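Since the structure comes first, as structure tokens, the remarks are kept for the end.
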Amino acid sequence: MACSPESLKNVPLFALLDDDELALLSQQVELKKFAPRERIYKVGDTEGHAYVMVSGQVRVTTVDEDHQEVIVDEPAHGEFFGFASMLEQTPHQTNAVALEETVCFEVDRHDIMVLIQKKPHAGMDMLTVLGRQFHSAQQLVRVRANRNPNEMIEEKATFGEHIADSVAGFGGSWTFIISFLVVLLGYAGTSLIFGTKSWDPYPFILLNLFLSMLAAIQAPVIMMSQNRQDTKDRLRSELDFDVNRRAESEIQGLSRKLNAFGDQMDDLEDLIRGKVSGEGSSPQHQH
């Protein structure tokens, strides 16, 4: 559906264009309407289109290696989405779905070239869009990095494993050490006072039996807790590696997109300078 120049004025990126530039751009930009829950594009699409929000609500998502849906962006009015893939001419790496009735401008590389030729400063607005996407990627990495391995393990822990952690935590505390020492000295002292009339005279055979039974029970419980701690450490290392790999991939991808955009800006700058230089020399040539 063709759009009118007046509708383009409501988009912050196009608001500074004059009437002639808006008329030229309106002939190339197409207005798209999407129904609620309609897919705008999916991962792997190679149409090379980006979209500018006019009204409605859109959610841009991706799927991580754990097959979980991750929200990448929810663009507001006047913001781009799908811009990086359009600029780099690569398949989309995200999914975009309209959450409600949504209206967007559909643009391609040629539309952007025309816009920058007419309004070079629009390049800074697009760099701002890329910067916002870069910050969104950083925030996504931070959110994914906040997964607590302790919480993830606690969700899968059984009742017996909780008991093992509690026993190991109490057995390794000063409360247990001091209490056990007091009970041990009290038991031995009482037995020595009563002498041969004690229920457990020296050399405290009954006490040794209790201590052996305690050690036999406590040792495997502590080993269970240590195994769980090893699992937590291993999971923490895997999460750290996963986060570092994701961050490196995001930074490399955005760096390539920024470099490609910078090359296009250089080409446009040379074109504009050549055009201005040609216009400046034409009167002198006529003279």
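Values for this structure:
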read-out	value
Unsatisfied cross-links (Cα-Cα over 26 Å) in the set LYS9/LYS42; LYS32/LYS118; LYS42/LYS232	LYS9/LYS42; LYS42/LYS232
Ranked packing of 93-102, 173-182, most packed first, by mean Cβ within 10 Å	93-102, 173-182
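A short reminder: the numbers here are calculations on the coordinates, not readings from a lab. Here the structure is a predicted model, which means the values were calculated and not measured. Cβ atoms come from the backbone with ideal geometry, glycine included; neighbour counts cover every protein chain shown.
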